[in-house]
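Every number here is computed from the coordinates shown, using simple stated rules; none is lab data. Note that the coordinates shown come from a computational prediction; the quantities given were computed from them, not determined experimentally. Every residue, glycine as well, gets a Cβ built from its backbone with ideal geometry; the counts of neighbours run over all protein chains shown.
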Amino acid sequence: MEGDFAMKLERLLTMTMILINRKKVKAQELAELFNVSVRTIYRDIETLSCAGVPVISQQGVNGGISLIEGYRVDKQVLTKDELASLSIAIKSALTTYEDSHAEAVLEKLTSIADDHIKQSIDHLFIDLSPWGPNVLFKEHITTIKNAIENKYCVSFTYSTTHGKQTRRIVEPHTLVQKGKTWYLYGYCTLRKDFRLFKLARIKNLLQEEAIFERKEVNLSELPWGKEWHQPQNVVDLVITFDKAITTLVEESFGAEHIDHEHSMINISIPEDEWLYGFLLSFGHRIKIIEPFYIREIIQKRAQEIVHLYKNHNN
């Protein structure tokens, strides 16, 4: 009996949230969702009504189950800490793109917040936008977000690490923030596969008139990281460093990869153009020990930089 009661309680709570988020739902649809009979659904409606939830049922072709228009969730549904956390999350998202709906939600949350909640909101601010002017960046985020929500294809000029440019038409699925960088994860019609596009390399972005059908993607598996971390793409680095930059090294490589006794870093990391530039950014404060070919690459790049600046007249 206790198990049946728990199942019914969970069903009632889930049904309430569905009705809050949707204007009208068919009884048959709810019955199929919860794997119960339509009669059970109507009994659940009576239970919700007795509990004070204003549920109404309309018969006919356009009928269905809904909440009385204007019904709002009482603020006690969320605790003070939950209200504060939700507000912080929305404020953080709004630092990167324009969203009138999110702004409206934030305004409503603020309107029902007491002084304790407002103070908690101000205790933490997450700014996801890049340093410097970010007008174009916000425009790109907003355009892509709109295209994702309305299933419009987007087109843009994309530059590779080596500067090669191609015009892409992409079915946008997800905006991804990885580390400090924003990406678009979508199906590229040129490559006939999903690709991860760095927003900083996107130019001449346009929303197309073509509409696409969203493909099945399990985002919880972080598909954009699988190829990058394939064994054939990863290099095992051994690096020594100047003790004076210990804090910077910990911040950049992670303290778990640091051997403080020998001032050494041991880390497995994907190898690409970004890695070479990253290692060079430490200048003479770090030294690559293994593998040898990475030492040669960094040495060659450093020599090219010296040669570039050696002639002061150019």
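Points to keep in mind about this one:
- Fewest-first ordering of Tyr187, Tyr309, Tyr276, Tyr158 by other beta carbons within 10 Å of each residue's beta carbon gives Tyr309, Tyr276, Tyr187, Tyr158.
- Potential extension, Ser92-Val306 segment - 0.36 nm per residue separation minus Cα distance: 72.8 nm
- In sequence order, calculated HN-Hα J values of segment 189-206 (Karplus, 6.51, -1.76, 1.60; Hz; x Gly/Pro): 6, 6, 8, 6, 6, 6, 9, 10, 10, 6, 4, 5, 9, 8, 10, 6, 6, 9
- Between Val38 and Glu107, the C-beta separation translates, for a Förster distance of 41 Å, into a calculated FRET efficiency of about 0.55.
- Most to least packed among 195-205, 288-298 [average Cβ atoms within 10 Å]: 195-205, 288-298
- At most 16 other Cβ within 10 Å, DSSP loop - GluC sites (Glu not before Pro), segment 160-225: Glu213, Glu216
- Note, ³J(HN,Hα) from phi for segment 248-262, Karplus 6.51, -1.76, 1.60, rounded to Hz, x at Gly and Pro: 5, 5, 4, 5, 7, 9, x, 4, 5, 9, 9, 9, 5, 4, 10
- Estimated FRET transfer efficiency when R0 is 25 angstrom, pair Asp272-Asp193 (beta carbons, to 0.05): 0.85
- Across Lys198/Lys287; Lys24/Lys138; Lys198/Lys300; Lys26/Lys178; Lys26/Lys151, pairs whose alpha-carbon gap is larger than 31 Å: Lys24/Lys138; Lys26/Lys178
- Segment 138-213: proportion of alpha-carbon pairs further apart than 16 angstrom, %: 42
- Distance between segment 154-219 and segment 8-55 - C-alpha centres, whole angstrom: 40
- At an R0 of 51 angstrom, the distance between the Cβ atoms of Glu29 and Arg201 translates into a FRET efficiency of 0.70.
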